Every structure is written in structure tokens, then in C-alpha cells.
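Below you'll find the structure, written out as C-alpha cells, and then a few comments.
The values are calculated or read from the model by the stated rules, or taken from the named source; none is laboratory data. On a predicted model such as this, the values are computed, not experimentally measured, just so you know. FYI the Cβ positions are ideal-geometry reconstructions off the backbone, even for glycines, and counts take in every protein chain you see. Surface accessibility is based on the protein's heavy atoms, side chains included, excluding ligands, DNA and RNA. Shrake-Rupley method; radii C 1.70, N 1.55, O 1.52, S 1.80 Å.
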Amino acid sequence: LILFLLLYSCVTTLDSEPEITPGPKKTPKKAKQLEIEKDIHSLKEVFKDYFLIGAAIEPSQLKRISHQELIKKHFNSITAENSMKPSSLQRKEGEFTFTGADTLVQFARENNIKLRGHVLIWHQQVPNWFFVENGQPASKETLRKRMKTHITTEMERYKGQIYAWDVVNE
């Protein structure tokens, strides 16, 4: 996060920038296009022989061209900040919504950026239904079944597209 904030300071203006939105074109009101500094060294190139340079991002951050350019210039790894967590992917049991995660996967693939999956299971961002069965705390067997279904569904969908997984957080 600190690194991303430092890089964000490379933006030459802080006025509002129009977002990339589907549908009819809207004329922004005197919005200036944010531009990143292009004449500075790319962090991913400076450290390419040592380690990956990454950032945790949300799909909404890809709506701004300047954010995309900043990520493409400096990062060779991105982490799905929240869009691959159970609370984002499966708000209701058995109903998966992959829109946000798919956006990150597509962006990473199109820009030759490695994608880290984060996180398959985390107690803080798992929907309440996950822990309840018939109004009571779910049994160990039910929890294991739900975890297996969730993890298997997510990993099968993104097989070969994720270079590393944070399996369990805390």
C-alpha cells in the first residue's frame, strides 16, 4: 500500500479524471486526464533480477486509465485485494459471482502481469451463512464441505491463471 501511494505521487495532476464506463459516452465537465510520469525508471524493471513488484488492487481501480498505466509501468504482479475472497465471490451459498475477479484476471493476462489469488478462506470476509446451518452453528462436516466447494470452484475457474494463492489468512 505504501509503495502504491508513493507511486501515486508520480501522477502529475490530482484533478478528477474521467472513469472508463460502459454505455453512452458522457462528456466530463472540465476533467483533466491524469498522467503518470513516463520519464522515470519502472520499479519492476529496476528490481526484475531480485523480486516481483506487486500491488493489491480492486477492479474499480482499473476504471481510470492513469491507474492502469501506473500499474502496467511499475508492477509485474497484482493481488486481488477483495474480489477473490468468499464474501465477494459467494454471497449466497452456491451462487458465485466472478465479475470482479474475472476483471483482474483479464487485465493481468492482457498486460503480462502475474496475478496472486487472495484469499481462498479468511474468517473476516466469509459470509455469515457459511457458519450457520438450520439456525445453529454449522457442524464441522458442513464447514469442511462448504470450504471444499468454495475452494474447488474458485481454483478450477482460475486454474493456470494464478501464479500463487494465499490459501488461508490468519
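Rounded to whole numbers, the Karplus 3J(HN,Hα) couplings from phi for the range 93-102 are 4, x, 10, 8, 10, 9, 3, x, 5, 4 Hz, using 6.51 cos²θ - 1.76 cosθ + 1.60 with θ = phi - 60°, and x at Gly and Pro.
Where the accessible area of the range 48-153 is counted over protein heavy atoms with a 1.4 Å probe, how much of it, in %, is carbon and sulfur?
Working: 2710 of 5710 Å².
Solvent-exposed carbon and sulfur of the range 48-153 make up 48 percent of the total.
Taking amide hydrogens as placed 1.01 Å from N in the peptide plane, the amide H of Val119 sits under 5 Å from those of Met84, Lys85, each at least 5 positions away in sequence or on another chain.
Taking amide H positions as modeled 1.01 Å from N, with prolines and chain starts lacking one, the residues under 5 Å from Ala56 and 5 or more places away or on another chain are Thr79. On a per residue basis, the convex hull of the C-alpha atoms belonging to the range 98-137 measures out at 76 Å³. Whole-Hz Karplus values for the range 115-123 come out as 10, 9, x, 9, 10, 5, 9, 8, 4 Hz, taken residue by residue from phi with 6.51 cos²θ - 1.76 cosθ + 1.60 and θ = phi - 60°; glycine and proline positions read x.
Here the Karplus relation 6.51 cos²θ - 1.76 cosθ + 1.60, evaluated at θ = phi - 60°, turns the backbone of the range 145-160 into coupling constants of 4, 5, 4, 4, 4, 5, 4, 4, 4, 5, 5, 5, 4, 9, 3, x Hz, with x for every Gly and Pro.
Based on the mean of other Cβ atoms within 10 Å per residue, sort peptides 116-127, 136-147 so the most packed one is first.
Values: 116-127: 17.5, 136-147: 12.7.
Result, highest mean Cβ count within 10 Å first: 116-127, 136-147.
For the cross-link pairs Lys48/Lys159; Lys114/Lys159; Lys48/Lys85; Lys63/Lys92; Lys92/Lys145, the ones whose C-alpha atoms lie over 20 Å apart are Lys48/Lys159; Lys48/Lys85; Lys63/Lys92.
Spatial offset of the range 51-69 relative to the range 96-159 amounts to 21 Å, using the alpha carbon center of each.
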